[in-house]
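Heads up, the thing below is written out as structure tokens.
Coordinate-derived values only; no laboratory data. Computed from a prediction, not measured in an experiment: that's the story for all the values here. No Cβ is skipped: glycine too gets one built from the backbone with ideal geometry, and neighbour counts run over all protein chains shown.
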Amino acid sequence: MDNSQRKLGTPKLGKWELFAYGQLVVPMAVIGLPLAIYIPPFYSGTLGLDLGAVGVILMLARLSDVFVDPFIGRWSDRTHTRWGRRRPWVIVGVIIMMISAIMLFVPQGQVTNLYLLVWICAIYLGYTLIEIPYGAWGAEISDDYHERNRITGSRQIFLLIGLLIAITVPIVASQAGSGATAASAASRQAMAALGWLTAGLLPICLVILLRSVREPVKGHSVPISFAAGVRVAMRNGPLRMILATVILGALASSINAGVAVLFFEHVAQMGSSSSVLIFALFAAGVVGSPFWVSIGGRIGKHKGIGVAGFASLAAFALVPFIIYWVKPNYPGAVFPAMLVITLIQGFSIGAAPILGQSILADVVDLDTIRSGEQRTAFLFAFLAMVRKFFEAAGVGIALPVLSWIGFDPQSHANSAGANFALTAMYCLVPLALWIVSTTIIWNYPITHERQARLRAALDRRTARRARVRAAD
């Protein structure tokens with residue numbers, strides 16, 4: 001069947017269409033990972049800005065587009081062009097991201113706090129203009145409970161491939177440029193390679209998406225005001241549960257990712273092996289992603305997330321034991337032990353993004369029934385706004401706290417207290433937050449059966465409105 005004739009309810013997408021949709025996230029991941037783990041050591045360690053100031057700037061940048069997100073989602077839902085609702089926004093986002101990637105990762109002239117603030121705000125804006133319409137586009141391609149897992153699974157596999165590239169390129173570039181070890185993955189050469197690679201991949205991936213994936217025709221809906229829409233959303237019980245998990249998960253992930261490179265270098269003291277661990281994490285994620293697509297269909301999406309989450313957390317809880325007992329007594333066992341933990345975490349890492357995004361598509365069905373308006377991008381944007389706020393809070397808390405305690409990223413003689421604080425920020429604090437988040441999602445109420453009832457109710461209402469319009 002021709003893609004232009006696709007309608008909701010189509011049983012399955014072809015392999016090429018799944019490929020064409022998912023592959024856009026490759027350049028987004030290539031630049032997204034460095035924003036989380038390389039920008040702090042690059043701008044503080046390599047370029048010499050104050051660590052605490054970098055943390056505050058990253059927090060302000062994350063907040064800069066937080067309150068724009070719902071409006072982008074709302075405008076995208078209500079955009080009507082000959083090219084569709086989602087395409088124009090994605091195109092503009094790609095252009096902004098290409099420019100800001102070069103300016104942020106290939107710094108021009110004198111690098112100041114203001115320079116960092118301006119260009120990291122710009123790249124976050126470009127990311128948002130792509131992420132929200134693109135995510136809504138994927139949620140609307142199919143209304144089937146299981147097919148939505150395949151769509152988000154495709155996106156997650158390409159995301160992990162992009163992350164593998166993001167880990168590999170800095171290592172190769174830093175060695176080729178200066179003969180340095182992989183520990184200098186936040187060097188100028190490494191960051192420049194990521195910037196130029198992103199700028200080159202974005203337009204190629206965009207063309208593949210635009211030529212191969214059609215947007216489904218929007219069904220008739222009754223627009224409601226912004227304030228009324230927020231009230232309806234906040235009365236949505238399943239959405240509130242997702243909101244709680246997003247808050248806790250974003251805070252935990254931001255704190256963990258923001259100090260990961262510092263932890264591996266200063267506490268674990270693993271040198272180039274740390275890059276091997278990060279690579280292993282995402283490689284295992286690629287292997288595990290199809291498994292979680294299958295598990296989500298068998299035991300339910302929320303149970304799949306719970307199983308993956310508890311398995312990953314059980315392994316991650318062993319990190320302090322490795323640092324404070326294995327490392328002093330059996331230093332040669334540190335890397336193998338950390339590798340086992342990393343592989344378990346990596347295999348589980350795809351479950352929440354794959355099944356969580358698919359769950360959100362199901363929540364959109366419930367919201368459409370209650371609000372009367374199909375507003376997929378608005379709900380994606382609303383949750384993105386919340387996620388970004390707490391991601392900003394996480395890095396804005398972790399780095400200044402470390403700086404206040406006395407941790408110095410340019411020193412290899414930090415006190416035991418400073419190193420323990422770094423361990424707590426990397427492992428203990430995120431662990432507690434992730435445990436609560438996983439427990440909440442375990443009790444999520446929308447099952448396959450309930451989602452089928454929601455879709456049937458939506459179909460009946462759509463048919464009634466079609467009959468009324470035909471009679472008029």
Length gained if residue 114 through residue 448 is fully extended, taking 0.36 nm per residue and subtracting the Cα-Cα distance, is 115.3 nm
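Past the 19 angstrom mark, what percentage of all C-alpha to C-alpha distances in region 327-437 do you count?
Roughly 66 percent, once rounded to a whole number.
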Pair residue 234, residue 287: separation of 7 Å Cα→Cβ label points (nm)
4.6 nm
Could you tell me which of the pairs 15/388; 327/388; 12/301; 301/388 are separated by over 28 angstrom between their Cα atoms in the structure shown?
15/388; 327/388
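What's the local net charge at residue 295, with K and R +1, D and E -1, over the other residues with C-beta under 12 Å away?
+3
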Rounded, prolate or oblate: which fits the chain when a ≥ b ≥ c are the square roots of the eigenvalues of the alpha-carbon gyration tensor, with rounded for a/c under 1.5 and prolate only if a/b beats b/c?
prolate
Apply the Karplus curve 6.51 cos²θ - 1.76 cosθ + 1.60, θ = phi - 60°, to the phi angles in region 303-317 and return the couplings in whole Hz, x for Gly and Pro.
5, x, 4, x, 4, 5, x, 5, 5, 5, 5, 4, 6, 5, 5
Treating only the Cβ atoms of Lys and Arg (+1) and Asp and Glu (-1) as charged, compute the dipole magnitude of the chain about its Cα centre; round to the nearest 20 debye.
1820 debye
Positive dipole terminus of the chain, leading residue within 109, 198, 88 (C-beta point charges)
88
Taking only Cα atoms, what is the 0 to 90° angle, nearest 10, from helix 334-348's long axis to the longest principal axis of the chain?
10 degrees
Please determine, in degrees from 0 to 90 and to the nearest 10, the orientation of helix 273-299 with respect to the longest principal axis defined by the Cα atoms of the chain, where the helix direction is its Cα long axis.
30 degrees
Quick shape check on region 1-151: root eigenvalues a ≥ b ≥ c of the Cα gyration tensor, a/c under 1.5 is rounded, otherwise prolate if a/b tops b/c, else oblate, and it reads prolate
What nm value, rounded to one decimal, do you get for the distance between residue 60 and residue 404 when each label is placed 7 Å out toward the C-beta?
1.8 nm
Under 8 Å for C-alpha pairs, at least 6 residues apart: give me the relative contact order for the chain, rounded to a whole percent.
27 percent
Does a label point 7 Å from the Cα of residue 211, set along Cα-to-beta-carbon, have any residues of region 21-41 with amide nitrogen under 14 Å, and which are they?
21
Crossing angle, helix 87-105 versus the chain [Cα axis fit, 0-90 degrees, rounded to tens]
10 degrees
